[in-house]
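The values are calculated or read from the model by the stated rules, or taken from the named source; none is laboratory data. Quantities reported herein were computed from a predicted structural model and do not represent experimental measurements. All Cβ positions, glycine included, derive from the backbone under ideal geometry; neighbour counts span all protein chains shown.
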Amino acid sequence: MSPGARAAPIEVLLVEDNPDDAALTVRALERAKLRNRVRLAVSGVEALAILRREGQYGGAARPDLILLDLDLPAKDGREVLVEIKADDDLRHIPVVVVTGSQAPADLVQSYRQHANAYVTKPVDTKAFLEAVNSIEQFWLQIVRLP
Amino acid sequence: MDTGGVPIEILLVEDNPGDARLTREALRDAKVRNNLHVAADGVEALAFLRRQGTHAAVPMPDLILLDLNLPKKDGREVLEDIKQDDQLRHIPVVILTTSQAERDIAESYRLRANAYVTKPVDLEQFLKVVQSIEHFWLEIVKLSKI
C-alpha cells in the first residue's frame, strides 16, 4: 500500500484536552507500523493556530491527518471543524472526529460539516486502544492521504 | 455500534464486475451485517440515491464505495453531486479506485470525499483493503442513520 512508500513520517495533529485520552492515543500511535509524529493541541484555538502557523507556531508541520475531539476549551471542536472545512488551504486534510459525545445531533452535524469520519471514544481502555489502532490501520496504512 | 441489529446498507458504485464480485465476497464475511447494492455507472448511482424510477423503494445507504472511472457519469461528478446535495452529503463516500494520480487524490479530498483508497491489483491485497474498510467503517465508525 502506497503510504508505506513515504519517506517522511505522517504528521498527525491530535486535538484533545483530556490528558489521559491524549496519552493513550499517543501510546497507541507510537506502536503503529507506520512512522508518524503526533502533535498535541489542547484547545480549539491552539489547533487552528498550529494549522495556520500563527505566532509561535510559524514552523509547525502541516498535518496529514487530524484527530479532533468535540468538547474543547477555548473554541469548541464543532467550530474548529467548520473553520477547517471552510478554509481552502486546510479543507483537504482528513478530520476524524474522536469524541465522547453520543449525541445524534453531533453525529449528523459532524458529517454535514464534512468530518471525514466520526468515532466515539469507548470508555473501556482496551476498546479505546482498539479504536485508535483501527484509525491508524485504516488512515495510515490503507488510505492515500492528500 | 448501535445499528440495533439493522444491517448497514452499502452502495458500491463499480463498473468492473470482477471487482464488484470480490468486494461482495469480502463483505459477506464481515462481522457486521450488511447489504451490498451495486450500481454499475454514475447515472444509476444517483438514481439509486435519489430513489428515482425503478429505485423508488431502495434503502438509503449508510456508506458509499465509489470508483472514479465510470461510464455515463464519472465518479468525480457523482462525488460532487452527492456532497452538494443536502439530503445526501452526510453519507460517507470512500473512493475506491485504481487511480494513483496525485491530482485525483487531491481533487477527491477537495470535493469532500471522506477517504481515498487505491485498489491493489493483487487479489489478496484487494481483499485486505476491503476488510480494512469494513473493520473501520462498519465496526469502529459511527455512521449517521437519518
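Here is a yes/no grid of residues against (1) surrounded by fewer than 22 Cβ atoms within 10 Å (Cβ to Cβ); (2) closer than 27 Å to B:Arg50 by Cβ:
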residue: B:Lys83; (1), (2): yes, yes
residue: B:Leu88; (1), (2): yes, yes
residue: B:Ile105; (1), (2): no, no
residue: B:Thr118; (1), (2): yes, no
residue: B:Asp122; (1), (2): yes, no
residue: B:Gln125; (1), (2): yes, no
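Kindly indicate which of B:Pro120, B:Pro71 is within 11 Å of another protein chain (Cβ to nearest Cβ) and of a type outside the set (Phe, Trp, Tyr).
Values: B:Pro71 fails: within 11 Å of another protein chain (Cβ to nearest Cβ).
After ruling out the rest, the residue left standing is B:Pro120.
Being assigned to a loop (DSSP other than H, G, I, E, B) and under 17 Å from A:Ala115 (Cα atoms) is the filter here, so list the residues in the range B:94-111 that pass it. First the steps, then the outcome.
Initially, the range B:94-111 is screened for residues assigned to a loop (DSSP other than H, G, I, E, B), giving B:98-101, B:111.
The one that is assigned to a loop (DSSP other than H, G, I, E, B) and under 17 Å from A:Ala115 (Cα atoms): B:Leu111.
Answer with yes or no whether B:Val6 is surrounded by fewer than 19 Cβ atoms within 10 Å (Cβ to Cβ) and closer than 21 Å to A:Ala117 by Cα. Judged against the criteria, B:Val6 is a match. The set of residues in the range A:100-146 that are among the small types (Gly, Ala, Ser) and either farther than 23 Å from A:Leu34 by Cα or facing another protein chain (nearest Cβ under 9 Å) (or both) comprises A:Gly100, A:Ser101, A:Ala103, A:Ala105, A:Ser110, A:Ala115, A:Ala117, A:Ala131, A:Ser134.
Here is a check on your reading of the model: is B:Val141 within 20 Å of A:Val132 (Cα to Cα), buried (at least 16 other Cβ atoms within 10 Å of the Cβ) and either of a type outside the set (D, E, K, R) or modelled with pLDDT under 95 (or both)? Spelling it out, B:Val141 is indeed within 20 Å of A:Val132 (Cα to Cα), buried (at least 16 other Cβ atoms within 10 Å of the Cβ) and either of a type outside the set (D, E, K, R) or modelled with pLDDT under 95 (or both).
Within this structure, B:Val129 fails the test of being crowded, with 16+ Cβ neighbours inside 10 Å and in contact with a Leu (Cβ under 7 Å, 6 or more places away or on another chain).
Looking at the range A:35-46, can you tell me whether even one residue there is under 14 Å from A:Ala115 (Cα atoms) and either touching an Asp or Glu at 6+ places or on another chain (Cβ under 9 Å) or among the polar types (S, T, N, Q) (or both)? Among the residues of the range A:35-46, not one is under 14 Å from A:Ala115 (Cα atoms) and either touching an Asp or Glu at 6+ places or on another chain (Cβ under 9 Å) or among the polar types (S, T, N, Q) (or both), which makes the answer no.
Within the range B:74-93, restricting attention to residues that are under 21 Å from A:Tyr118 (Cα atoms) and among the β-branched types (Val, Ile, Thr), the residue that is farthest from the other protein chains (Cβ to nearest Cβ) is B:Ile82.
In the set (1) acidic (Asp, Glu); (2) modelled with pLDDT under 95; (3) crowded, with 16+ Cβ neighbours inside 10 Å, the condition left unmet by A:Glu30 is number (3). Within the range B:107-116, if we keep just the residues that are more than 8 Å from chain A (Cβ to nearest Cβ) and hydrophobic (A, V, I, L, M, F, W, C), the residue that is surrounded by the fewest Cβ atoms within 10 Å (Cβ to Cβ) turns out to be B:Leu111.
Does the range B:39-52 include one or more residues that are within 8 Å of chain A (Cβ to nearest Cβ), on the phi < 0 side of the Ramachandran plot and surrounded by fewer than 16 Cβ atoms within 10 Å (Cβ to Cβ)? No: zero hits.
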